[in-house]
1. For region 107-122, enumerate the residues that are under 19 Å from Asp156 (Cβ atoms) and assigned to a helix (DSSP H, G or I).
2. Mind telling me which of the residues Leu162, Leu222, Leu194 ends up being more than 29 Å from Val267 (Cβ to Cβ), buried (at least 19 other Cβ atoms within 10 Å of the Cβ) and modelled with pLDDT of 95 or more?
3. Name every residue in region 88-106 that is buried (at least 19 other Cβ atoms within 10 Å of the Cβ) and part of a strand (DSSP E or B), in order of residue number.
4. Return the pair list, or none, for Cβ contacts closer than 9 Å from residues in region 282-303 that are within 14 Å of Val270 (Cβ to Cβ) to residues that are assigned to a loop (DSSP other than H, G, I, E, B) and of a type in the set (Gly, Ala, Ser), at least 6 apart or on different chains.
5. Which pairs turn up if I take residues in region 201-212 that are within 13 Å of His171 (Cα to Cα) and look for partners that are charged (D, E, K, R) and loosely packed, with under 14 Cβ neighbours inside 10 Å with beta carbon separation below 8 Å, at least 6 apart in sequence or on another chain?
6. Please find, within region 269-310, the residue that is surrounded by the fewest Cβ atoms within 10 Å (Cβ to Cβ) out of those that are acidic (Asp, Glu) and under 22 Å from the mean Cα position of the chain (by Cα).
7. Among the residues of region 277-295, how many are of a type in the set (Asp, Glu) and not in a loop (DSSP other than H, G, I, E, B)?
8. Every residue in region 286-310 that is in contact with a Pro (Cβ under 9 Å, 6 or more places away or on another chain) and either more than 25 Å from Asp196 (Cβ to Cβ) or among the aliphatic types (A, V, I, L, M) (or both), please.
Amino acid sequence: MANIGYIQVTRRCNQKCRFCSNPEIEKDLSFDRAKEQIDEFARLKYRGIILTGGEPTLLDELDRIVEYGIGKGLEVRVITNGQRLSDKKLFRRLYDSGLRSVHFSVHTVRNRLQGFLTGKKDSLRHLFASIQNAGRLNMMTMINIVINKYNSDHLDEIVITLTEKFPFIRHFIFNNIDPTMNRVSENPDTVAKLTDFEMSLNNALKYLQKSGYSFRVERVPLCYMAEFAEYSTETRKIIKGEERIVNFLDDKGKIVQERFYHGKTDVCKVCTYNSICAGLYEMDTYYSSKELYPLFLDPAFVIRRVLQSD
C-alpha cells in the first residue's frame, strides 16, 4: 500500500479562489502539533505526507515542518498556488530543508480567467515564474487542476500549454470540484455538469498518456472516464484497500477515509464497473444522477493494471 496523508499547516491564503474548499481563516498549525501529526503518519507507516492549506508558503515554519517530515523517513510534498514561490530565495529555503516535490494549483492558462477565478490579476504570471523556479531546482513538479465550469471546455488546452512551456512537469491531478462546505455555495456558477467536461478531460488524458505523463482523476465516475478507469484515485484505493487521513485546522479535525464510495443509482447496479467505481460525489445535490450510465466492460483488466502499478 502507498498511503499518503494530508496536513493543513495554515488556513491563511493570498488568493480568493471562487471554489475554494477550505476558505481562509486566521489559523496556523504550530510546529509542535505538526510534529505530533507527522509522528503518527510515520508510526502508521505511511509513505508520505502532503502539506496543504490555505497557502502553505505563508507559514514561516514550513521549512522546519518539511525537514522534520523528511527526517522521519516520509516523502514530503507541498501544494501551493505558486504566488510566493516566484521568489527564488524562498523556494531555495524550502529546497534546502529537503523539499523535492511540489504540486502547483493551476485553474487555467488563460490570464484573465485565472485572475477572475483566483481574485488576483497577476496570479498566472507569478504561478508560471514559480513553476519555472521548480524546474531550475530539478523538483518533482506536479499540477493540480480543479475541474470547474470555467475550465471545463479546455482541460486539454491547459495540459498541452503547460507541458510545452514546462517539459519537466511529470504528473497531473484532476479533481472535480468539491461543492461542500466551501465558496461554491456563494458561487454556484463554478459547478460544471459531467457532460461539460467529458470531452476535454478525455482529450487531456489521451494527450498525457500518449506523451508519457502520469496522471490521476478524482470525483469523476468511471462512466465518464471509462478508457482511463485505472487512473481514478478512488478506484485505485478501492482495489488496493488503501486509506487516507486528512488533518484539518477547522472543526472537521482529523478525518480517516477508509471507504471511497459516493452516490449510486439504479443504472450503477447493472454496470460491470460498479464494484470498482466510487459513483457520483454529492449525487442529486450538486450533480445529477441522470447523467450516469452503465458500462459493460470487464473490470478484471482494470484491477490487474492497478495491482501491477505503484
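The values are calculated or read from the model by the stated rules, or taken from the named source; none is laboratory data. These numbers come from a predicted model, not from an experiment. Cβ atoms come from the backbone with ideal geometry, glycine included; neighbour counts cover every protein chain shown.
1. Asn111, Leu113, Gln114, Leu117
2. Every option except Leu162 fails the conditions.
3. Selection gives Val102, His103, Phe104, Ser105.
4. Pairs found: Leu292/Gly279.
5. Correct list of pairs: Leu205/Glu227.
6. Among residues in region 269-310 that are acidic (Asp, Glu) and under 22 Å from the mean Cα position of the chain (by Cα), the one surrounded by the fewest Cβ atoms within 10 Å (Cβ to Cβ) is Asp310.
7. The number of residues fulfilling the criteria is 1.
8. Correct list: Leu292 only.
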